[in-house]
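What follows is calculated from the coordinates using simple rules that are stated; it is not laboratory data. Just so we're clear, the structure is a prediction, and the values are computed from it rather than from any experiment. Glycine also receives a Cβ, built like all others from the backbone with ideal geometry; neighbour counts cover every protein chain displayed.
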Amino acid sequence: MLNKQEKLTGWLMLFPALFILGLVFIYPIARAFWLSWFTENLGTQLQPVFTGLGNYQRMLGDGRFWQSLWNTSIFTVVSVALELILGLGVALVLNKSFMGRGVVRTIAIIPWALPTAVMGLAWAWIFNDQYGVVNDILFRLGLIDAGINWLGSPALAMVALIIADVWKTTPFISIILLAGLQSISEDLYEAHKMDGASPWQSFYQITLPLLMPQILIALLFRFAQSFGVFDLVQVMTGGGPAGSTETVSIYIYSTVMRYLDFGYGAALVVITFLLLVLAVATISLILKRIRT
Amino acid sequence: MLIDHLISKLNQSCWKLFKTQRWFFAFLALVLSISVAILPGVTQQPIVIQTLIRADEAQQLQPLVNKFNQQHPDIKFQIVEAPSDSNQVEDLYTSSFLLGNSPYDVVYMDIVWTPKFAAAGWLRNLSDRLSAEEAEQYLEADLAGGMYEEQLYRLPFRSDAGMLYYRQDLLEQAGYEPPETFDELLKISQDLQQQGLADWGYVWQGKQYEGLAAMFVEILQGNGAFWVNPDTLEVGLDRPEAIAAVEFLRQTIASNVSPPGVTTYAEEETRLLFQNGQTVFLRNWPYVYNLAAESAIAEKYSIKPMVHAVGKGSGATLGGWGLGISTSTKHPDAAWQVIKFLSSEDAQREFVLDTGFVPSRINLFNDPEIVAKYDYYPQLLEVVQNSALRPPISQYAQASDILQRYLSAAITGKISPEQAMQTAANETRNLLQR
């Protein structure tokens, strides 16, 4: 049992950490919640005027918000799913011992280590309709006879974004999963094999269940990150064409920085935050069910 | 007890130090008092005036900055270099003003930022500083672009206006006069394309960005339509004339006069097509003129005001950059000195001769020195005097985004022009009511 004084000392020592956490986490979130009850924009000379739920009501009729939310969801779900499948594949390969594994492992991380803005620019050129590599390859293969306008048509622009994101963040997932794979003992596989299990059975009955904690972590990290994607989209398409790749964070950025509509921007932040918390909670719940 | 002891010990050692080093301390005190109390009185420290300008343009302005600093020993004018993307410059200004205590005394701004910055209270009113005779020297629309609620917040430094570039040689070869109307432009283009004189007829900026809105203002004006009336806040996007403007853009693509990729082009893509001789007509800003003069089509092209509908006049979207004084500056008068110097006739002449940018003062277009170097400037004045403003409203950024979205959707064929313009008009009305 801790006595009273020890408890007090404990709290005192925790205080700096808690204080900083409060400063960088709780304060901004609380402030966004508070601000979302006010109208504060150029119409009010940047002074806060209380409007209650006005901002949330406006959001209901804001087609641009719903479209950006839809875009973000599509982007997140598709890219995270692809990354998980590919990342698992890469991790399984890197877990086997072969010549030059160390080198390959290092190379595999490079996309993730590159600054997103830089590689976003590179991908924008790769998908350029006149000079892009993708069109050039398709052309040489005889699959197309005129350049595809990748970033200029709504669906293809989203495809291009997802490809770029998958390329960049698959290494992140594969590193996490690789760490998980290495903690699974070889003995298990040997015993399983002796019992007459095929490699596929081993994968489903040993690898996947034992890897679940790492998959869960990777999924949560990527989901939260991907939902807030900004730099890649800003550099590659800027949200176009016709708003078809605009994500929620780009819309929030425009609302706050370009339109100076702080109250509404705060309401957008609050709703996105709540949706994200809800989505993450649902995923972890589902995955927990699967595990047990 | 222990602490008492320590203090007395400290005291002793301090005294000892002071006694042994007293000459040193006397000297230190002397130096300090001279630098703090006496020096500033004798040698006046210059007032520092800062502004934020895109790095490429900051370089071009450097000779003028040096000249100003030579002529004004009491002021030190310096430019902080910003990224070469004007959106980012706007963001940097915005965040510095939002956080308060902005380091920028002079604000170098694009014409479309002015109403927003003024409405946010970040700019000082310049109306009293500019006399009526001085004001007459400037292009009227350019000065009007610096007004918000009938007060002046921005003095124009360099102007910019959209216009039509055309291939004089090709038109002469086929026996055509330069087109005046939208229909003539389409007809001539198709004829020249059929004769195999050029791949494409007309290229314009169709990417979803600010340039799309700027280009569209000209087509609107040429059809006798309008976007937003700044006085009554009436929205004209869903009127038949405005829908006709969208139809014209769609027609350029449908009739193969413009390449399908035109809906992703910004200024540079269209300039390259024109310079490489692939197109007869081009809508662009004045900067193309000098660059094209060094290309394969040198001396084979000319400029004219934008085409328009029969019975209507042409419009040229006004762009350009100007100078304002930030509310947060402690030295508004010194900042005004800088602005007065930069926008003066001599400074503008020097800058125009150096860079080929367009001046904001009317008489410089016919200035002998400038005309000797750029013989097309008198023609340019004709273009600039037809200029149309993008709506000078504080919510311009939002209004422009709405238009860009729906216009982009309409010209890429996602929705019909009527539907696009009706939705855009309704959303703009909602915006202006807030």
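Would you calculate a helix-derived [θ] at 222 nm for chain B, using -39,500 (n - 2.57) for each DSSP H run of n ≥ 4 and dividing by the full residue count, to the nearest 500? Each step should come with its number before you reach the end.
Details: 20 runs with 213 residues, N = 434.
Calculated mean residue ellipticity at 222 nm is -14500 deg cm²/dmol.
Of B:Ser84, B:Val48, B:Ala409, which is farthest along the charge dipole of chain B in the positive direction, counting Lys and Arg as +1 and Asp and Glu as -1 at C-beta? Of the listed residues, the answer is B:Val48. In order along segment B:55-62, the phi-based Karplus estimate (6.51 cos²θ - 1.76 cosθ + 1.60, θ = phi - 60°) of 3J(HN,Hα) comes to 4, 5, 6, 4, 4, 5, 8, 3 Hz; Gly and Pro are listed as x. Both radii come from the Cα set of segment A:64-260: Rg as radius of gyration, Rh as Kirkwood radius; their ratio Rg/Rh reads 1.06.
For chain B, the Cβ-based charge dipole about the Cα centre amounts to some 2020 debye (Lys, Arg positive; Asp, Glu negative; other atoms uncharged). 3J(HN,Hα) couplings calculated from phi for segment A:245-254 with the Karplus curve 6.51 cos²θ - 1.76 cosθ + 1.60 (θ = phi - 60°) are, in sequence order, 10, 6, 9, 4, 5, 5, 5, 5, 4, 4 Hz; Gly and Pro show x.
Amide H to amide H distances under 5 Å link B:Ile47 with B:Ile75, B:Lys76, where only residues 5 or more positions off or on other chains count and H is placed in the peptide plane. Put simply, the amide H of B:Val358, placed in the peptide plane, has neighbours under 5 Å in B:Ser159, leaving out anything fewer than 5 places away on its chain.
Taking Cα centre as origin and charging only the Cβ of basic (Lys, Arg, +1) and acidic (Asp, Glu, -1) residues, the dipole magnitude of segment A:64-260 rounds to 240 debye.
Note that chain B, at 20 °C in a medium of 1.002 mPa s, gets a Stokes-Einstein diffusion coefficient of 88 µm²/s from its Kirkwood radius over C-alpha pairs. Taking amide H as placed 1.01 Å from N in the peptide plane, B:Val203 has its amide H under 5 Å from the amide H of B:Phe281, B:Leu282, B:Arg283, each at least 5 places away in sequence or on another chain.
Taking 26 Å as the cut-off for C-alpha to C-alpha distance, list the pairs among A:Lys96/A:Lys288; B:Lys67/B:Lys330; B:Lys76/B:Lys340; B:Lys300/B:Lys414; B:Lys312/B:Lys414; B:Lys187/B:Lys312 that go past it.
A:Lys96/A:Lys288; B:Lys300/B:Lys414; B:Lys312/B:Lys414
Using only Cα atoms, what Kirkwood radius does segment B:62-142 have, in angstroms?
Values: mean 1/r = 0.0663 Å⁻¹.
Hydrodynamic radius (Kirkwood, Cα only) of segment B:62-142 equals 15.1 Å.
Applying the Karplus relation 6.51 cos²θ - 1.76 cosθ + 1.60 with θ = phi - 60° to segment A:124-133 yields 3J(HN,Hα) values of 4, 6, 4, 9, 4, 6, 8, 10, x, 5 Hz, where x marks Gly and Pro.
Given a Förster distance of 22 angstrom, what is the FRET efficiency for B:Leu291 paired with B:Glu140, based on the Cβ-Cβ distance and rounded to 0.05? Don't skip to the end; give the middle numbers.
On the way: r = 28 Å, r/R0 = 1.29.
It comes to 0.20.
Considering only A:Val80, A:Val133, A:Val229, the Gaussian network model of chain A with Cα springs below 10 Å gives its largest mean-square fluctuation to A:Val133. Size of segment A:190-292: Rg and Dmax of its alpha carbons, in Å, are 20.6, 67. Taking every alpha-carbon pair under 8 Å whose residues sit at least 6 apart, segment A:103-206 reaches a relative contact order of 24 percent.
Remark: mean inter-chain Cβ contacts per residue of A:240-247 equal 6, using a 10 Å Cβ-Cβ cutoff to other protein chain atoms. Across peptide A:252-264, the average count of Cβ atoms from other chains found within 10 Å of a residue's Cβ is 4. Each of A:Phe221, B:Ala242, A:Gly61 was placed along the dipole of the protein assembly as shown (beta-carbon charges, centred on the mean Cα), and the one lying farthest toward the positive end is A:Phe221.
Per residue, the convex hull around the alpha carbon atoms of the protein assembly as shown comes to 282 Å³.
Relative contact order for chain A using alpha-carbon pairs under 8 Å, separation at least 6, rounded to a whole percent? Can you show the working numbers first?
Numbers: 299 pairs, mean separation 86.9, N = 292.
It rounds to 30 percent for chain A.
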